[in-house]
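Take a look at the structure set out below.
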Amino acid sequence: MLVALASAKGAPGVTTTARVLAAVWPQDVVLVDADPAGGDVALLARRPDDGALDPERGLLSLAADARRGYVDSPLEDHLQQTEGGLDVLCGVSTPEQTAAIAPAMPALASGLLGQQARDVVVDCGRLGPSSPVLPLALAADALVLVVRPRLEAFAHLRERVRWLAHARQPRPGTPAVGIVLVADTRDRGSAGELAQLLAHEQLPAVVLGQVADDPRAADVVAGRLRRPVQRSLLVRSVRPLVEPVQQLAAHRAAGRARTTA
Ligand SMILES: Nc1ncnc2c1ncn2[C@@H]1O[C@H](COP(=O)(O)OP(=O)(O)OP(=O)(O)O)[C@@H](O)[C@H]1O
Ligand SMILES: [Mg+2]
């Protein structure tokens with residue numbers, strides 16, 4: 001299955017959530033850094049031997065293969081392993097590179113959807129009508145929007161969900177839209193308020209749960225701090241999200257499996 005994560009606006013924690021989600025994903029998984037504003041994974045993640053990742057190997061090399069007509073270039077050739085064993089497809093570093101890979105997006109989306117042996121978690125960054133990674137986000141089995149509990153953030157999110165429901169699809173159906181709230185663990189009201197807002201406006205999105213606002217653990221994920229993070233509030237709050245995310249994605253993934261069988 002292909003799960004895309006994105007935000008409507010701001011920097012609510014898409015990259016952090018995507019990295020932790022992929023790290024705790026129970027099946028074989030690849031993390032794809034498709035943020036068109038410039039990928040963070042190649043800058044922040046380290047190889048198992050603590051070396052830096054190669055920023056040229058990832059989306060860029062995959063898109064270059066696609067341009068040369070190597071449609072069946074194995075994804076494995078473009079992946080890099082990070083500390084902890086997670087396989088990542090690194091993103092672009094400059095706006096010029098984003099422009100260069102944009103035409104390859106539909107091919108890239110079908111290549112990632114064609115992965116039989118492993119699931120794919122994609123960081124799509126901020127998602128709007130002009131995003132070059134829109135074909136990838138709309139091809140996903142589930143699209144998870146990350147938001148902070150702020151009035152204006154909820155308003156932007158609402159508009160984005162409304163727009164997504166009518167966005168032109170690259171393949172039949174629409175990705176199921178889920179929402180993850182990054183909030184203080186003591187905040188027990190915002191998720192319910194958001195769910196009410198969506199229900200009141202009959203918007204097709206479900207609130208999947210809450211990721212703990214845990215700045216120290218987020219710093220560890222970003223490589224700014226070194227300490228064990230497995231028992232942090234952040235990681236413990238992301239683990240229970242795996243099941244609802246998989247359930248959300250299951251319907252479209254199963255439909256796709258039936259049509260390709
Ligand atoms: N769960 C969290 N708890 C506390 N801080 C967090 C959490 N997630 C992210 N952050 C912090 O918020 C900032 C933005 O995080 P991140 O880069 O993950 O967001 P983003 O939505 O991917 O932003 P951008 O759109 O700029 O790529 C960072 O300083 C990060 O450490
Ligand atoms: Mg990001």
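The values are calculated or read from the model by the stated rules, or taken from the named source; none is laboratory data. Since this is a predicted model, take the numbers as computed values, not measurements. Please note: Cβ atoms are built from the backbone with ideal geometry, for glycine as well, and neighbour counts cover all protein chains shown.
Farther than 28 Å from V147 by Cα, over 17 Å from the mean Cα position of the chain (by Cα) and either surrounded by 16 or more Cβ atoms within 10 Å (Cβ to Cβ) or aliphatic (A, V, I, L, M) (or both), is that true of D65?
Criteria met by D65.
For residues that are modelled with pLDDT under 95 and among the small types (G, A, S), scanning just region 141-175, find the one that is farthest from A11 (Cα to Cα).
Filtering first and then ranking leaves G173.
Checking the condition within 16 Å of ligand 2 (Cβ to nearest atom) and either out of contact with any strand residue (DSSP E or B) (no Cβ under 7 Å at 6 or more places or on another chain) or under 30 Å from S237 (Cβ atoms) (or both), which residue from A100, A37, A104, A52 passes?
Just a single option satisfies the conditions, and that option is A37.
Restricting attention to region 237-251, does a residue exist that is surrounded by 20 or more Cβ atoms within 10 Å (Cβ to Cβ) and within 11 Å of ligand 1 (Cβ to nearest atom)?
Within region 237-251 (the criterion being surrounded by 20 or more Cβ atoms within 10 Å (Cβ to Cβ) and within 11 Å of ligand 1 (Cβ to nearest atom)), the answer is yes, since at least one residue qualifies.
Do we find that G111 is crowded, with 18+ Cβ neighbours inside 10 Å and touching a helix residue (DSSP H, G or I) at 6+ places or on another chain (Cβ under 8 Å) in this structure?
yes
Evaluate the following for V30: is it closer than 27 Å to V242 by Cα, β-branched (V, I, T), more than 16 Å from ligand 1 (Cβ to nearest atom) and modelled with pLDDT of 95 or more?
Yes; evaluated as a whole, the condition is true for this residue.
Here are the criteria: (1) within 16 Å of ligand 1 (Cβ to nearest atom); (2) surrounded by fewer than 23 Cβ atoms within 10 Å (Cβ to Cβ); (3) assigned to a loop (DSSP other than H, G, I, E, B); (4) touching a residue at least 40 places away in the same chain (Cβ under 8 Å). Tell me which single one G84 does not satisfy.
All conditions are met except number (1).
Yes or no: L157 closer than 26 Å to R256 by Cα, among the hydrophobic types (A, V, I, L, M, F, W, C), surrounded by 13 or more Cβ atoms within 10 Å (Cβ to Cβ) and touching a residue at least 40 places away in the same chain (Cβ under 8 Å)? Before the answer, list the steps.
Working: closer than 26 Å to R256 by Cα: no; among the hydrophobic types (A, V, I, L, M, F, W, C): yes; surrounded by 13 or more Cβ atoms within 10 Å (Cβ to Cβ): yes; touching a residue at least 40 places away in the same chain (Cβ under 8 Å): yes.
Against the criterion (closer than 26 Å to R256 by Cα, among the hydrophobic types (A, V, I, L, M, F, W, C), surrounded by 13 or more Cβ atoms within 10 Å (Cβ to Cβ) and touching a residue at least 40 places away in the same chain (Cβ under 8 Å)), L157 does not qualify.
Could you say which residue among Q210, Q247 is away from ligand 2 (no atom under 16 Å from the Cβ), in a strand (DSSP E or B), at pLDDT 95 or above and under 17 Å from the mean Cα position of the chain (by Cα)?
Of Q210, Q247, the one residue that is away from ligand 2 (no atom under 16 Å from the Cβ), in a strand (DSSP E or B), at pLDDT 95 or above and under 17 Å from the mean Cα position of the chain (by Cα) is Q210.
Yes or no, residue by residue, for (1) in contact with a helix residue (DSSP H, G or I) (Cβ under 9 Å, 6 or more places away or on another chain); (2) within 8 Å of ligand 1 (Cβ to nearest atom); (3) free of Cβ contacts under 8 Å to residues at least 40 places away in the same chain; (4) of a type in the set (A, V, I, L, M):
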position	(1), (2), (3), (4)
L5	yes, no, no, yes
T16	yes, yes, no, no
P36	yes, no, no, no
D40	yes, yes, no, no
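Among the candidates A222, A217, A165, single out the residue that is buried (at least 21 other Cβ atoms within 10 Å of the Cβ) and in contact with a Ser or Thr (Cβ under 9 Å, 6 or more places away or on another chain).
On inspection, the qualifying residue turns out to be A217.
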